[in-house]
Structure formats: structure tokens, C-alpha cells
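Worksheet: the structure to be examined is printed underneath.
The values are calculated or read from the model by the stated rules, or taken from the named source; none is laboratory data. What you see is a predicted model, and the numbers here were worked out from it, not measured in a lab. Reconstructed Cβ throughout: ideal geometry from the backbone, glycine too, with neighbour counts over all protein chains shown.
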Amino acid sequence: MSDLDHLADETTKKTPVRMSVRRVSLLGALFIATGPIAMALYTPAMAEIVSAYDTTSSLVKMTLTLYFGGFATAQLIAGPLSDALGRRPVIIGFMMIFVAASLLSLAAPTIESLIVARFVQGIGASAGVAISRALVRDLFEGDESSRIMNLMGIILAVAPALAPTLGGVLVTHAGWQSVFVAMMSFGIAVIAATVWGLRETVVPDRSRLNLRQLAQSYVTLMTNRHFMATSLTIAGAIGAIYALATILPFILMQVLGFTPTKFGLGMLMQSGSFFAGSLVVRQLMKHHSAYRLVVPGLGVILFGSALILTLLVGPPSFLRVMVPVAFYTFGIAFVMPAMSTAALAPFPNIAGAASSLMGFLQMGAGLLIGSLAALFDDPVVALAVLIPMMGTVASLSYVVYRMNPHLAEPEPRKEVISGPPAGRTWLPSKKK
């Protein structure tokens, strides 16, 4: 047995599988849903907040933009922290920040203080994305990992599907402050589930808090073609959901005149389509590898992108906007499981950092496109131009992933399970 094989065995002994697939899926979905729920609950309240603070739409947009900013950038810290200190203490600590920031948002006396509170809230929510995927990578591999990613996606789709509707009802009947009460309640529920249900899946190593080593981890990832190709495929696909969250409220409520409640119901077409796609993928994965479903998924994304482009001609309507969006999000469900697994597979020893950077890229893509959308006078034109660009990036990145045989191999060989040597990038070897 080689030294690396021995190290792989030792790693397995130190971090045994102590949780069922169902428990990991449920906890992972709770963690990863925190950010989208806090976003989806909030969007129906934006118009009311403009009136409540007697402010401008631009400043209220900042509460969403900076939430995205905190959410995206803090992932780069949350994942490596969980590698060093353990998954449990980091997710609990960040969720406590989320709950505290929700309380600050509820009591914010000015729009400026609300902007700050929302930024901090994004920081608190950031750990959920990084740790949920790292948790799966800690315990599972290959198609089993993809199946869990898919199940997490199914559960994840339900909460954001209901959140805009719930947010609209709360704003209409209990005022805009009530959405922050709902966020606090969800955060407390996640903390309780973590305390009682999550078992530690890594051996904490405080030496990983070394900034030089952390920087080396990120350099390793960013110079690895396999990681960047798979991560940018995900960024172009899933990142569109975050971009749509900043564009659709203004199209549906300002251009089409929807009320907050009607907006929430209308958004069910987007989240419901992702949910339906995830269910279809789950059935297909009983007979096909998740990796075989990526190309059909990208095809659906490109078809949705083409339909979105037609908004440049003629007046918008609910169906002209949301049917193409539904196609796009349906395709995302086919891409996410395999590409998430493929991106993290070669990096078991820095799974938290890899998950963080992958999440940062997809959130960063959403934040970038959302910021570019703000430069357009017409949000419909912004949707028609920018979202197809994201679908194109996802497809081209996948082409790069598949160009070379060693890039197309999703799982690393056993002898390299310990990860890349210090100072070197890692690419899976060709199958013999």
C-alpha cells in the first residue's frame, strides 16, 4: 500500500460516515436555503420599504445588492473556517450572526442602518452554501454525492417557492417588518437543527487558519482548469437565479403592476419549474449517471435563453417573461448535481475552501449581472440581454470541461484522494 493510500484510509477512519443520506440532505438543504429564503421573503417588501423610509428605489436596491455582496464574499471565509474549526461551530456561529442581523433589520431606524443590517445578514447566511456542499463532499462521492445534491435541490426548491408568496402575504397583512420576524424564526430553527442533528464530519485543524496556507488553497483552485471549468458552468447556470432575483421584482411589480402577493404567486413559475426539473432528474438518475444529464440541461438553458431574447421585440407580458425563465430554471436542475460533485471531487482536504470559491463564483456572477442590470433604464431589456449571456457562459465552460479527457473525468483516482501537494495544482489522470 502506498503512503497516499494509507493516508486516504486514515482520513476515512478519522471521519466516519455517522449520518444517513436523508439527514445530510435535510440539513444541507436547510443550510443552503437560508440565503435564498432571506432574499425571497424580502423582495415583496421592497416597494413598501421605499414608502416606509421615505427614500428612493435606488437606496432600497442597495439593501439587496449589499446583501448579495455580504453573502458572496463571506463564503470565502466561512468555508476555510469550517475546514479549520469544524462544520458545526461555524454554521452555528454564522447563523447566530444571521439571526442578530435580522433583528437589527427589524429595528432599523433609517434606510442606511437597514442597508448595513442587510449586509451583515448576508454574511450570516453565507456559511450555509459553503458548508452544505462541503458536508456532502466529506461523506459521499460520485453519483451518490450527485443524488444527495439533487435531493438537496428538491428540498431547496420548496422553500424559496413558498417564500415569495409568504412574503407577499406578510407584507399585505402584517407589514413589511414581519418578513424579518420570519427570517429570525427560520434562523433559530436552523440553529436548533444543527445543535441536535449535525455530527462533525471533519477533524478540526487550526493550522489551516494560516492566511498563507489559505491563500495557497485559493491559488491552487483558481489555477486548476478542472475546478474553474466546472465552477463557471455552475456560475452561469445557478448564478442566473440570483440575477433574476434582482431583475424580476422590478419587471413584475413596476412594469407589469403586480401587487406583492401577486408577485409572490407569479414567482412560483420559476421555483416550481426548478422543483419539477429536480424531480425529473431524480427519476432519470435511477437509470443514468448524473453526468449524462448535463448536456440536455444546458440545451434547455440555451432554449430558455433564446426565448428570453425575444423580449427585445414587442411588449412584455407575464407569460412572455416567466415561461422562458421557467425553461432556464428547469435546465439548471439537470446541471447542478453532477457539476457540483465534479468541482469538489479532487479536493477532499480543502473541501470547505473549494465549496466557498464555487459559491462565491456563482453568487458573484449573480451580483455582477444584477449590478449591470441596474445600469439599464428598462429592466426587461436588462433581462433579455444579460440572462442569455449567463447561459452562454455556462455552456462554453462545459465545453472547456469536456475538451480534454482528463478534464472530463469527474472523480479523482483513489491514490490522489489526499488532494494536491503543496504548491501544485491537481488534474485527474486519464483512465487506463
Q. What is the number of the single condition among (1) surrounded by 19 or more Cβ atoms within 10 Å (Cβ to Cβ); (2) over 21 Å from Val50 (Cβ atoms) that Arg118 does not meet?
A. (2)
Q. Within the range 62-117, which residues are more than 28 Å from Tyr218 (Cβ to Cβ) and not in a helix (DSSP H, G or I)?
A. Ala108, Pro109, Thr110
Q. Pick from the range 65-115 the residues that are among the aromatic types (Phe, Trp, Tyr) and farther than 26 Å from Leu139 by Cα: which of them is surrounded by the most Cβ atoms within 10 Å (Cβ to Cβ)?
A. Phe98
(Q) Return the pair list, or none, for Cβ contacts closer than 6 Å from residues in the range 202-224 that are within 21 Å of Val136 (Cβ to Cβ) to residues that are among the basic types (Lys, Arg), at least 6 apart or on different chains. (A) Val203/Lys14
(Q) Please list, ordered by residue number, the helices (runs of 4 or more DSSP H) wholly in the range 166-280 having 3 or more residues that are modelled with pLDDT of 85 or more, polar (S, T, N, Q) and buried (at least 20 other Cβ atoms within 10 Å of the Cβ). (A) 225-249
(Q) Consider the range 102-137. How many of its residues are within 30 Å of Val203 (Cα to Cα) and out of contact with any Leu (no Cβ under 6 Å at 6 or more places or on another chain)? (A) 17
Q. Looking at (1) buried (at least 16 other Cβ atoms within 10 Å of the Cβ); (2) more than 22 Å from Val399 (Cβ to Cβ); (3) small (Gly, Ala, Ser), which is the one condition that is false for Gly314?
A. (1)
Q. Which members of the range 271-294 meet the condition of being without any contact (Cβ under 8 Å) to a residue 60 or more places away in the chain and not hydroxyl-bearing (Ser, Thr, Tyr)?
A. Ala276, Gly277, Val280, Gln283, Leu284, Lys286, His287, His288, Arg292, Leu293
(Q) What are the pairs with Cβ atoms under 9 angstrom where one residue, in the range 119-141, is part of a helix (DSSP H, G or I) and the other, located anywhere, is acidic (Asp, Glu)? Sequence gap at least six, or different chains. (A) Ala134/Asp83
Q) Does at least one position in the range 378-388 carry a residue that is surrounded by 22 or more Cβ atoms within 10 Å (Cβ to Cβ) and within 30 Å of Thr201 (Cβ to Cβ)? A) no
Q: Scan the helices (runs of 4 or more DSSP H) fully inside the range 341-432 and keep the ones with 1 or more residues being β-branched (Val, Ile, Thr), over 19 Å from Tyr291 (Cβ atoms) and at pLDDT 80 or above.
A: 351-373, 379-403
Q | In the range 245-260, the residues that are closer than 28 Å to Ala72 by Cα and over 13 Å from the mean Cα position of the chain (by Cα) | A | Thr246, Ile247, Leu248, Pro249, Phe250, Ile251, Leu252, Met253, Gln254, Pro260
